Amino acid sequence: MEKVKKEKQPGLLDKIVSLTKRRGFVFQGSEIYGGFAGTYDWGPLGVALRRNVVEQWTHSMQMHDNIALLDSSIFTAAKVWEASGHVTGFSDPLVVCNACHTKFRADHLLEVIGVVADEKMTEARINEVFDENRPKLHCPVCGKKDFGRVTAKSLLATSTLGKFEEEDKEVYLRGETAQGIFINYKNVLDSGFYSIPFGIAQVGKAFRNEISPRQFLFRKREFEQMEMQYFVSPEEAPVAYEEWRKERMAYYETLGIKEGKLRWKQHENLVFYAKDAWDIQYEYPFGWSELEGVHYRGDYDLGQHQKFSGVDLSFYDEDTKRRYIPHVIETSVGVDRTILMLLVDAYDEDEMNGEKRVILRFKPNMAPVKAAVFPLLKNKSELVAKAREIYTNLKKEIPQIMWDDNGNIGKRYRRQDEIGTPYCITVDFDTLENDSVTVRDRDSGEQERISIQELNSFLSDKIKAS
Ligand code: ATP
């Protein structure tokens, strides 16, 4: 795999990769065996960060009274992917450099010279575009202008399942969570709590055999999606689409993303069934790239599943006495790309009290650790006992509290700044006298004294307000 896009902020991604490994956010998959491309394992802080991301997204969906939650299987009947068009059409355009044999995505090479080629183009069409531009295209690795033909490489990951070896069938691991939603749309509707318009939201793993998994968490082979499919009448769909587009962009304020770092990008080459498609892009260190897709898919998906399964997936509208296949608006964002965005956005280096520090300026609601509790001195048993008591009580209400008694206080602050902990609570000799602690703010470095009694509500309010 090779990076095609040049980094706009050189070194930032490397710093983040190194910090997140050192502090236990993310590890290379199968690292002790030399690594397994396109896979990453989440460490303790990564798991906490992921949960925050998923909870925030789920909460934003549950604010609506007509969004249902779903958790569908990863293994799916092959027919699902035949109906959806993935078996024949879900591929990336692979091209190999004849000189150094490095594999690239043809659309990514074309993008570098400013030619838009959607990965969803047919093999013949992308070959035409590639051929027209051959004289301008050279290999980013060896510099030669000698590429082979572009071939469509399926992204679907397969496995086998069955009673006995000879009966094993090839099955697909889901390439997106959306199909699980489409094939359960009728079940949710028939449960009697929802009617058109309504949405189904799902968070879960998806698998893609990406040609070049790259840019850390941005393009993985096993990743997690947060998708919502909104089922609506054809007449109401355009308005609902606009509303969802507005809502999805506004959502990122709740994650504290810096202004000017997100933008809309409309698809120039629409897939044949899509009525309109926009992506929300974030300015990653390697340039503006897709974070989330908000697409208007018409009635294609339900229509296909109706055709292939023979099950009637239409909806009868009692008010208008009309039967139709609902249209679908989809919002689809990756957990991993959200986390990469959060890390990039929060990463900062500054100087405090004459000392350089690395800091992750997460909004408190996103921070994997909300507060750390320190006894001022590790070898004073009265301080340690009091700090333990405060720590244990806080943890009952806010589980993401960390204990830290290692090294001097300055060092502990640096360590917490580096993982984005917004508050550090120090138990000192005054605490033993007046039941108050110092709370130090990560961003300003300012300290205030808070009574132990108020500590819980102080932290909860800060997290909620953020
Ligand atoms: P790209 O053009 O970058 O390959 P895509 O258009 O194929 O992405 P979608 O099929 O629209 O992506 O998937 C919806 C969302 O799932 C994306 O916006 C992204 O956040 C996430 N996603 C897709 N592929 C990957 C991947 N390989 N690794 C991590 N996240 C991914």
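The values are calculated or read from the model by the stated rules, or taken from the named source; none is laboratory data. Keep in mind that what you see is a predicted model, and the values were worked out from it rather than measured. We place every Cβ from the backbone using ideal geometry, glycine too, and count neighbours over all the protein chains shown. Just the protein is used for accessible areas: all its heavy atoms, side chains included, with ligands, DNA and RNA removed. Shrake-Rupley method; radii C 1.70, N 1.55, O 1.52, S 1.80 Å.
To put it simply, the accessible area of segment 312-385 at a 1.4 Å probe is 49 percent carbon and sulfur. For the pair K103 and N133 in one chain, pulling the backbone fully straight at 0.36 nm per residue adds 9.0 nm over the alpha carbon distance.
By the gyration tensor of its Cα atoms, with a ≥ b ≥ c the square roots of the eigenvalues, what is the shape of segment 125-205: rounded for a/c under 1.5, prolate for a/b over b/c, or oblate? Verdict is oblate for segment 125-205. Cross-link pairs exceeding 27 Å in C-alpha to C-alpha distance, out of K145/K265; K15/K136; K356/K386; K395/K462, comprise K145/K265; K15/K136; K356/K386. Using the Cβ-Cβ distance between E446 and T160 with R0 = 56 Å, the FRET efficiency computed as 1/(1 + (r/R0)^6) comes to roughly 0.40.
Accessible area per residue for the chain is 48 Å², calculated with a 1.4 Å probe on protein heavy atoms, without ligands, DNA or RNA.
Which net charge results when you count Lys and Arg as +1 and Asp and Glu as -1 among the other residues whose beta-carbon is under 9 Å from that of T177? Could the numbers behind the result be given before it?
Working: positive: R174, K205; negative: E176, E224, E227.
Local net charge: -1.
Restricting the trypsin sites (Lys or Arg not before Pro) of segment 131-191 to loop positions (DSSP other than H, G, I, E, B) with no more than 10 neighbouring Cβ atoms within 10 Å leaves K163.
Sorted by accessible area with a 1.4 angstrom probe, largest first, how do K363, K21, K246, K220 fall?
On the way: K363 55, K21 95, K246 150, K220 10 Å².
Of K363, K21, K246, K220, the descending order of accessible area is K246, K21, K363, K220.
What chymotrypsin sites (Phe, Trp or Tyr not before Pro) in segment 190-234 are in a loop by DSSP, with at most 11 other Cβ atoms within 10 Å of the Cβ?
Here the chymotrypsin sites (Phe, Trp or Tyr not before Pro) that fit, given the DSSP loop and packing criteria, are F193.
Taken along the Cα-to-beta-carbon direction at a fixed 7 Å, the label points for Q453 and I398 span 1.9 nm. Taking a ≥ b ≥ c as the square roots of the eigenvalues of the Cα gyration tensor of segment 1-100, is the shape rounded (a/c under 1.5), prolate (a/b larger than b/c) or oblate? Oblate is the answer for segment 1-100, as a/c is 1.5 or above yet b/c matches or exceeds a/b. Taking only DSSP H segments of four or more residues, each worth -39500 (n - 2.57), what value at 222 nm results for the chain once the sum is divided by all its residues, to the nearest 500 deg cm²/dmol? So the helix-based figure for the chain works out to -10000 deg cm²/dmol. With the cut-off at under 15 Å, measuring from each backbone N in segment 220-234 to a point 7 Å along the Cα-to-Cβ line of S195 picks out 232-233.
When only the heavy atoms of the protein chains count and the probe is 1.4 Å, how do W244, W42 rank by accessible area, highest first? It would help to have the intermediate numbers written out before the result.
On the way: W244 10, W42 50 Å².
So the residues, ranked largest to smallest area, are W42, W244.
Compute the distance from the alpha-carbon center of segment 418-466 to that of segment 336-364, in whole Å. Cα centroid to Cα centroid, the span is 20 Å. Within the assembled protein chains, the solvent-accessible surface assigned to S460 is about 30 Å², based on a 1.4 Å probe. Stretched out straight at 0.36 nm per residue, the stretch from E355 to L432 would grow longer than its current Cα-Cα span by 24.7 nm.
For the chain, what relative contact order do you get, as a whole percent, if you take Cα pairs closer than 8 Å and at least 6 residues apart?
On the way: 850 pairs, mean separation 64.0, N = 466.
Taking the mean separation of contacting Cα pairs over the length of the chain, I get 14 percent.
Here the accessible area of segment 61-186 is 51 percent carbon and sulfur, with a 1.4 angstrom probe and all protein chains present. May I ask for the angle, rounded to the nearest 10°, between helix 452-465 and the longest principal axis of the chain, with both axes built from Cα atoms and the value confined to 0 to 90°? That works out to roughly 30 degrees.
Accessible surface for L455 stands near 0 Å², nearest 10, in the context of the full protein assembly shown (1.4 Å probe).
Under the combined filter of DSSP loop state and at most 16 neighbouring Cβ atoms within 10 Å, segment 2-95 retains these GluC sites (Glu not before Pro): E2, E7.
For the chain, DSSP calls about 85 percent of its internal beta bridges antiparallel.
Modelled label positions at A124 and E243, each set 7 Å beyond Cα in the direction of Cβ, lie 4.3 nm from each other.
Debye sum, Cα scatterers, segment 220-266, no solvent: what log₁₀ I/I(0) at q = 0.23 1/Å? Computed log10 I(q)/I(0) values: -1.00. Converting the Cα gyration tensor eigenvalues of segment 337-466 into ellipsoid dimensions via √(5λ) gives semi-axes, longest first, of 24, 17, 12 Å.
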